[in-house]
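**Q** Pasting a structure below so you can have a look.
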Amino acid sequence: MLVTIFVVVLGVSSALLVERSGLRHKSFWRILMSLPLVVPPYVLALSVILVAGPRGLAEQAFSATLPSPFGLWGSAFVLTMATYPYVFLLTSAALRSLDPSREEAAKVSGRTALSRFLLVIFPAIKPAVAGGALLAALYCISDFGAVAVMRYNTLTVAVYEQITARYDRAGAAVLSLVLIALGATVTLTQSRLVGDRHAEEGVRRGDANVQSRGSGFPAAGGLAFVGLVALGLPLFSLAWWIFTQPGVRVEDGTGRFALNAVVTSAIAATIIVLVAIPPALMAEGSRLRRLMVRGMILIGYSVPGVVAGLATAMILLQLPLPLYATAGAVVAAYLVRFLPQGLLAAEAGGGAPGPLTEAGLTLGRRPLAVAARVTLPLMRPHLIAGWALIFLSCLKELPATLLLRPPGFETLATRIWVHSSQGSFGRAAVPALILILLAAPPLALLLRRGNIVLGNPTKSS
Amino acid sequence: MTAVTKTFGDVAAVRDLDLTIMPGEVVTLIGPSGCGKTTTLRLVAGLEQPDSGEIRLGGNSAVRLPTEKRGVGFVFQDYALFPHLTVRANVGFGLHRLPRSQRRGVIDQTLRMVGLTNLGDKLPRELSGGQQQRVALARALAPRPGVLLLDEPFSNLDPELRRHVRHEVLSIIRKSGSAALWVTHDRDEGLIVADRVVLMENGSVRQAGSPSDLWNRPADAWVAGFIGHGDLVAARVSQGFASTELGPVAAPGLPEGSAVKVLVRPEDVIIDPKGARGTVVRRHFSGSDNVYCVELESGGLLHCKQPSGVEISRGTEVTVKLASEALPVFA
């Protein structure tokens with residue numbers, strides 16, 4: 001709740017600054033503001049501890065003791081910094097697609113900037129803001145790594161402890177149900193509040209190019225500060241730690257951990273995208289499809305990774321397949337966790353060509369031929385972007401990996417976790433830095449169409 | 001189409017519709033929006049399934065045929081060009097049944113027909129609206145469909161371009177020999193391009209006939225009102241004539257004393273000293289002529305066409321009467 005409010009304020013104001021101030025190099029700022037998505041929240045948490053924690057950089061450099069970063073406020077800070085890009089991305093996309101004539105009309109009517117924002121801009125971007133806030137809120141509910149590192153006990157941590165420390169499956173299952181119910185409640189409440197906004201889309205006249213006023217300097221300063229904290233802080237402190245601390249060295253097998261992470265993530269992302277294609281080809285606007293989209297949004301964003309991992313473990317134990325405690329089990333958990341997101345991404349790409357499909361049919365091509373020659377080529381960018389998104393998410397996924405990895409199978413995420421849970425934060429710095437660097441290329445791919453794939457959950461309802 | 005009905009929920013989009021088109025004929029479907037024109041077109045194409053009734057193409061029942069087996073051409077309102085394919089690939093999309101060696105020739109020939117020979121390698125987004133329109137037409141015509149269906153093909157073009165493209169498209173259709181069913185919301189366009197006009201309202205046919213039938217012999221006052229370009233003047237029948245304040249009109253066979261309406265077009269009204277008195281309230285100058293709107297003493301408004309050179313200023317009193325006694329009268 002706390003984080004959601006912070007996230008909305010930070011996300012909307014940064015989007016407004018980027019899209020509506022006199023800032024130059026808007027696309028640079030857009031990328032900078034979305035880049036924090038590559039930093040897994042537990043890595044950000046780690047770097048906050050490296051800087052502000054006991055015997056951290058701040059303490060060493062200024063011999064000042066900062067307020068302890070552990071607990072509620074520290075967790076809220078980290079989660080805000082980690083999730084504001086959701087709101088930023090959706091809001092800035094909405095601002096860009098806003099018909100400039102609406103704002104011009106308000107300007108001509110002599111409204112001040114503030115009342116223009118309240119009366120014209122805000123109602124138009126409200127669905128986007130709400131969608132971003134929903135994603136952020138659901139993320140916070142389902143987050144495991146960051147709160148665990150910050151030693152703030154939430155439900156996800158409790159589920160994990162039930163299963164690993166006490167082997168209490170029933171207890172973990174009950175807590176998981178509570179978690180899912182919480183996520184589902186947030187989703188449903190939010191879509192009720194915002195309502196069906198399909199009508200809002202309307203006709204628009206190309207991309208907004210509203211004349212912006214004022215110097216870009218203060219805007220740039222504010223944005224640079226946010227970017228510095230969310231992105232610069234982890235990069236800098238991790239690098240600092242690696243290069244200056246004598247006790248830190250590159251652990252044996254780090255390359256193998258990275259390879260493990262990349263391979264399992266790539267396999268999972270590929271399977272998911274392939275599986276997601278056929279449902280996306282379903283007739284547009286059919287009742288079944290709308291139901292599916294709704295369901296996917298609900299499941300995709302309200303089932304935490306720790307629950308997905310748990311569920312996969314239980315299913316695999318029942319199956320006669322020798323999958324449990326193999327790398328395949330990890331891939332299976334990723335499938336369970338991220339399939340809904342893959343379906344959403346593919347659906348976003350399959351939604352467009354309804355009339356084009358009809359055109360193909362009237363030209364005498366069979367439905368399959370139309371799908372192959374028209375629908376799939378048009379979906380391709382969405383599929384690629386969806387693949388990148390899922391790859392990125394799998395790479396960062398911690399709790400499901402922890403629960404299902406076979407003995408000795410480690411990924412970057414689990415190494416970070418193991419070291420930081422033993423209190424040796426410095427040793428976690430190397431895998432954390434590698435993880436950020438690995439996550440950057442798929443994000444770059446994503447950013448070009450990020451707002452499409454991220455999918456605004458309120459728009460499709 | 002025989003007795004075709006199609007409902008969406010509670011709304012009957014097409015109700016018990018009968019419609020026949022002969023080979024080579026151009027038929028336009030006109031009517032107010034929501035009257036079922038587009039649904040009719042989609043039923044023929046198989047993009048909608050009728051609830052009941054029979055659709056035959058070239059003598060064979062088509063109701064069970066999927067769209068891709070019907071051999072129809074469809075020109076969509078927003079063109080629906082494939083954005084990732086070049087003009088040539090768009091035009092060739094429906095030619096998959098031809099051997100590869102012949103496709104090239106057919107594409108070239110079709111592009112020549114629509115005058116786009118040198119734009120074949122462009123993508124749709126690189127073309128102007130009029131050019132995209134012609135690509136859509138070429139794509140629909142390339143497989144030589146027996147029936148060409150056009151759904152408001154010009155609604156995205158500006159009026160100037162529309163007039164120009166309309167004649168081109170019509171001559172291309174004539175050359176191709178396909179039967180064409182053409183939906184338009186533009187009444188004038190519907191009359192200009194058609195061999196036969198079908199006027200629909202609420203899912204059924206109100207009147208079908210040649211353009212001059214609908215213009216000169218509208219079936220009732222509603223049809224006359226929809227075709228437009230005229231005023232309906234109230235009258236009462238007496239001794240076989242409908243007497244209006246502008247003079248009598250022949251009304252054979254209508255009951256004595258009944259209230260009727262007479263369709264009066266601007267060219268049927270002349271300025272004459274023996275006519276009814278009125279005041280000029282508006283003037284519409286269209287180059288070749290002036291149409292004056294006259295407010296009669298009864299309060300009714302009437303339009304009167306005068307040559308371009310006849311200038312009457314607003315507020316002038318005039319006297320007007322009917323040029324003919326043979327005008328359409330509706331009970």
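We did not get these values from a lab; they are worked out from the coordinates using the rules stated. What you see is a predicted model, and the numbers here were worked out from it, not measured in a lab. No Cβ is skipped: glycine too gets one built from the backbone with ideal geometry, and neighbour counts run over all protein chains shown.
**Q** By how many degrees, between 0 and 90 and to the nearest 10, does the Cα long axis of helix B:100-113 differ from the longest principal axis of chain B?
**A** Relative to chain B, helix B:100-113 is tipped by roughly 20 degrees.
**Q** Quick one: among B:Val197, B:Val318, B:Val91, which has the greatest mean-square fluctuation in a GNM of chain B with alpha-carbon springs under 10 angstrom?
**A** Top of the fluctuation ranking is B:Val318.
**Q** Another question about this same structure. Taking only DSSP H segments of four or more residues, each worth -39500 (n - 2.57), what value at 222 nm results for chain B once the sum is divided by all its residues, to the nearest 500 deg cm²/dmol?
**A** Counting only the DSSP helices, I get -7000 deg cm²/dmol.
**Q** Residues with amide H under 5 Å of B:Leu149's amide H, sequence separation 5 or more or different chain, H placed in the peptide plane at 1.01 Å from N; which?
**A** B:Gly73, B:Phe74, B:Val75, B:Leu181
**Q** Set the Förster radius R0 to 41 Å, insert the Cβ-Cβ distance between B:Thr7 and A:Ala440 as r into 1/(1 + (r/R0)^6), and round the FRET efficiency to 0.05.
**A** Numbers: r = 55 Å, r/R0 = 1.35.
It comes out at approximately 0.15.
**Q** Evaluate Rg over Rh across the range B:91-248, taking Cα atoms for both radii and Kirkwood's formula for Rh.
**A** Ratio value, two decimals: 1.14.
**Q** Between the helical axis of B:159-176 and the dominant principal axis of chain B, each derived from Cα atoms, what acute angle in degrees is found, rounded to the nearest 10?
**A** Helix B:159-176 sits at roughly 60 degrees to that axis.
**Q** Could you give the C-alpha radius of gyration of the range B:172-331 expressed as a fraction of 2.2 N^0.38 Å, taking N as the number of residues it contains?
**A** On the way: Rg = 18.0 Å, N = 160, 2.2 N^0.38 = 15.1 Å.
Normalised Rg, Cα atoms only: 1.19.
**Q** Right, next: Fewest Cβ neighbours within 10 Å first, please rank A:Asp143, B:Asp121, B:Asp289 accordingly. Walk me through the intermediate numbers first.
**A** On the way: A:Asp143 27, B:Asp121 10, B:Asp289 15.
Fewest-to-most Cβ neighbours within 10 Å comes out as B:Asp121, B:Asp289, A:Asp143.
**Q** Something else about it: With θ taken as phi - 60° and the coefficients 6.51, -1.76 and 1.60, list the Karplus ³J(HN,Hα) couplings across the range B:121-132 in order, rounded to whole Hz; mark glycine and proline as x.
**A** Per residue, the Karplus-derived 3J(HN,Hα) values read 9, 7, 8, x, 5, 8, 9, 6, x, x, 5, 4 Hz.
**Q** By how many nm would the segment from B:Glu325 to B:Asp289 lengthen if fully extended, with 0.36 nm per residue of separation less the alpha-carbon distance?
**A** 10.6 nm
**Q** While we're on this one: Most exposed first by the Cβ proxy, i.e. fewest other Cβ within 10 Å, how do A:Phe117, B:Phe76 rank?
**A** Details: A:Phe117 16, B:Phe76 20.
The order, fewest Cβ neighbours first, is A:Phe117, B:Phe76.
**Q** Could you list B:Ile312, B:Ile172 in order of exposure, starting from the residue whose Cβ has the fewest other Cβ atoms within 10 Å?
**A** B:Ile312, B:Ile172
**Q** With the cut-off at 15 Å, report for the range B:83-148 the share of all Cα pairs above it, as a whole percent.
**A** 43
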